[in-house]
Amino acid sequence: MRFFKVFIFLLVVSVCHVGRVQGQQPPVTEIYKTYDGNNDGVLEANEVAGSRYARQFPRWDVDGDKKVSAKEVIAFRRRFGIAADGTMLRTPAQNLNPKKLVVPAIADLKRVNKGVRLSREDARNSAFVLGTEPHAVDGTQYVILTDHIDSAFLEPLQKLAAHHQGQVVTVPDLALLHEQGKRFAELKKNLQEIGPKYVAIAPRLDSFRENMLMGMWELLSTLDSDPEIDAFPGFLVASNANAFSKLIQQSLNHAPVAAANLKPVAISQVLSDAETRSLQKAAMLREHFRKRDLETPIVAIYGKKAKTAPRLEGAQVWNLEAPGGGEFIESFSPKLDSRLNESNLIIMHGHGVPGMSCSVDIKGIPANLQGKVLMTGSCFSASPRKSDLPEMRDAPGGYTVEKRDAFVLRAIDQGALVAFGHQRLSSGFPHLYPVLESWLEGNTVGEGYQQLLNGIINQKEVTSGEFVIREKTKKPSQNSLLYVVIGDPALRPFEK
């Protein structure tokens, strides 16, 4: 009898433990009891800051009002088959008709500006686009800002400046400029006197950090009285002097790609039967380019849990399986390799960590990206080697964050002409597409980049003094401005 009681006790403990591990969530009531500090019935970002729910907060807050009710948390859980008490629902929402893939036209997506509300479905699927618009600048000059002192880097920069009839402005350390009030003010005054139109920012690799970016946005947004970026920016950075010199040289030699010669490839990631928004974006881009009489090869990489997820059809579709277990795709078939080599525009949508985008390892990046534009909406695709922020141990998609080279930096090292990525947690397609759209309209690298930054500044209502990240938090409010575009800001990738 004693053995039987002990067995029952262990069974109960085991069942309770397994139930919590599978759901990975306590009851909603427990969350509010623990974190709703002012007992007003809603959660705010500061109340969960530093907790396991800090990253979840913006996912709960689908209407963007910066407050989350218990009903919003319950609705969010229901989509993943989890009940309010943390147990699994019998009919998870993600299993309802998993094979149906809705593919809206990009032109029909809602353009989101300040105050615009999204449906829960559109927010969950990232089926919207950030509202942006052109922002003219008063300056006319081409300026390079750098903290390089090595002639192997300075000589290519001087050649680029001469090509654009511009000038090189040096500072001791771009990473610390935001902390040096006097030097910052002197540089600001100098730029106001020069009147820059294009600003190419060329940091040393150790200076390529989050607050270096934010310091640049603080600087370039205060050249006049409005809150927007008042020049067309772009970064010039590579892992070594040889790759850096090649980036500059091919920028000097580049001619915009004619519309008829555009050869896009879309790479997407499907981790589970429910998570198909990345595949949706690839299908949307395919239909978008078909209206221009252009075919878009699609690579869809499926995770182990994507058993019944939809598959796209067509001769130019490659459905691949991710290795799993912390391993990623490091090579492609000869035929797919050939398509990637022929392409001049590679667009990637899916999860990422340093060294991986959309389940593709940096080892899988084509060896020769000469003249190509690579855009990835993945998190950490432009992660710095040295960070100003606390380390994150995990990333969306259930991945572990490790110290590895950034995906877009490796792409530049292997010859990419222009690369788009994010230093931290990216919003993916809604922020990537406006930049692509601008470039396809024949605008310069810097114009597309500036429009994205200004769209975010206006949406988030960021003002002077709020750019630099002062709080040492894993997910700062300025995260959305950590997009990186590597490339000559005056370069036009494509003809209209």
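The values are calculated or read from the model by the stated rules, or taken from the named source; none is laboratory data. The shown structure was predicted, so the numbers you read here are calculated from the model rather than taken from an experiment. In this analysis, Cβ positions are derived from the backbone assuming ideal geometry, glycine residues included, and neighbour counts consider all displayed protein chains.
Just a few scattered comments:
- Pairs, first at positive phi in segment 394-416, second of a type in the set (D, E) and modelled with pLDDT under 95, C-beta under 9 Å, six or more apart: G397/E275
- The condition (being assigned by TED's automatic domain parsing to the domain that holds K475 and either of a type in the set (S, T, Y) or over 22 Å from I298 (Cα atoms) (or both)) is satisfied by just one residue among D405, D361: D405.
- For segment 299-339, a residue qualifies if it is in contact (Cβ under 8 Å) with a residue 24 or more places away in the chain and among the polar types (S, T, N, Q), and the qualifying residues are T308, S331.
- Pair list, Cβ under 6 Å, 6 or more apart: segment 360-382 residue on the phi < 0 side of the Ramachandran plot, other residue at pLDDT 95 or above and basic (K, R): I362/R410; I365/R410
- Within segment 154-166, tally of residues that are in contact with a strand residue (DSSP E or B) (Cβ under 6 Å, 6 or more places away or on another chain) and in a loop (DSSP other than H, G, I, E, B): 2
- The set of residues in segment 324-344 being surrounded by fewer than 13 Cβ atoms within 10 Å (Cβ to Cβ) and part of a loop (DSSP other than H, G, I, E, B) consists of G325, G326, E330, S331, S333.
- Residue match in segment 269-282 (condition: of a type in the set (K, R) and either without any contact (Cβ under 8 Å) to a residue 60 or more places away in the chain or in the same structural domain as K372 (by TED's automatic domain parsing) (or both)): yes
Residues are listed down the side, and each one gets a yes or a no for (1) in contact with a Gly (Cβ under 9 Å, 6 or more places away or on another chain); (2) under 28 Å from M392 (Cβ atoms):
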position: D413; (1), (2): no, yes
position: V418; (1), (2): yes, yes
position: V435; (1), (2): yes, yes
position: G442; (1), (2): no, no
position: K460; (1), (2): no, yes
position: N479; (1), (2): no, yes
position: G487; (1), (2): yes, yes
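- Residue list for segment 177-186, restricted to those being surrounded by 17 or more Cβ atoms within 10 Å (Cβ to Cβ) and among the hydrophobic types (A, V, I, L, M, F, W, C): L177, F184
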